[in-house]
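To keep things clear, I will list the structure first and then write my remarks on it.
All of the numbers you see were taken from the coordinates with simple rules; none came from a lab. Every value quoted in this text rests on a predicted model; they were computed, and no experiment measured them. Every residue, glycine as well, gets a Cβ built from its backbone with ideal geometry; the counts of neighbours run over all protein chains shown.
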Amino acid sequence: MAEEGISKENLRLLVDSELQLDAIHKLIRMPIKDADRFWKYLEVLQERVPWKDKILVRISDKLYVVKKKDGKRVVKCDCGQEFGDYRVNWKLSADVYVRRTDEEIAEVYTTQIRPREGYVEVREFYCPGCQAQLGVEVVPEGYPFIFEVFPDIDGLHKLEGKPLPDAREDWFEDRTPRQTELWVKEK
Ligand SMILES: [Zn+2]
């Protein structure tokens, strides 16, 4: 029964999208999932990045929340670029390209059904370190950046059985408005 759960090697293949479909189905159908799956997953992720900061959670293909030596929790790209306090939407620290005209939008939407000039804008977010595209949002002009993933990290680690020693309630507090307020005041 020892090998009933997911092996680290299979987890690695899963992360790389190389695990066979039947193996994935088997994992999904397991009536009782192995309890340390989350920790094994973090280990696999940690081995894949070129830096040492401890990964607390992954929030997208390339972005992680990591714990720095000074205790700060920051968003970090796998290339090493950091986006600051994880409680502030990382998009505020990304490079942004905005498409507003029909011509600009048609460069990426090749079908007739596409966002139209005057109704919405297409925002593309890029990593200033490796230039990877990290996100896209289609929203009305002036709409605040969407804060897509804001995980309760302390809650998650507690749920998985290993609460973080620096758990605090104010870790789970969206501080994006504070940052934008500061920018307005500085103007
Ligand atoms: Zn990057």
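Multiply the residue gap between K72 and D102 by 0.36 nm, knock off their C-alpha separation, and tell me the result in nm, one decimal place.
Here the segment from K72 to D102 would lengthen by 6.6 nm.
How do the peptides 114-126, 153-165, 14-26, 56-68 rank, highest first, by the average count of neighbouring beta carbon atoms within 10 Å per residue? Mind showing how you got there, number by number?
Values: 114-126: 15.5, 153-165: 13.6, 14-26: 11.5, 56-68: 18.1.
With the highest mean Cβ count within 10 Å placed first, the list reads 56-68, 114-126, 153-165, 14-26.
Could you tell me the calculated FRET efficiency between L159 and D61, based on Cβ-Cβ distance and R0 = 30 angstrom, to the nearest 0.05?
Rounded to the nearest 0.05, the efficiency is 0.80.
Before rounding to the nearest 500, sum -39500 (n - 2.57) across all DSSP H runs of length at least 4 in the chain and divide by the residue total; then give [θ] at 222 nm in deg cm²/dmol.
-7500 deg cm²/dmol
Quickly work out the E124-to-K26 label distance, labels modelled 7 Å from Cα along the C-beta direction, and quote it in nm with one decimal.
It is 4.1 nm.
Cut-off 19 Å, label point 7 angstrom out along Cα-to-Cβ of V184: give me the residues of the range 144-163 whose amide nitrogen falls inside.
Of the residues in the range 144-163, 144-147 have backbone N under 19 Å from the label point off V184.
Which pairs, out of K26/K54; K33/K76; K26/K67; K91/K187; K69/K187; K72/K187, put more than 24 Å between their alpha-carbon atoms?
Going by Cα-Cα distance, K26/K54; K33/K76; K26/K67; K69/K187; K72/K187 fall outside the 24 Å limit.
Cβ neighbours within 10 Å, averaged per peptide: list 48-55, 130-137 in order, most packed at the top.
Numbers: 48-55: 13.8, 130-137: 15.4.
Output ranking for 48-55, 130-137: 130-137, 48-55.
How much length would be gained if the chain were fully extended between A35 and D95, taking 0.36 nm per residue of separation minus their Cα-Cα distance, in nm to one decimal?
17.7 nm
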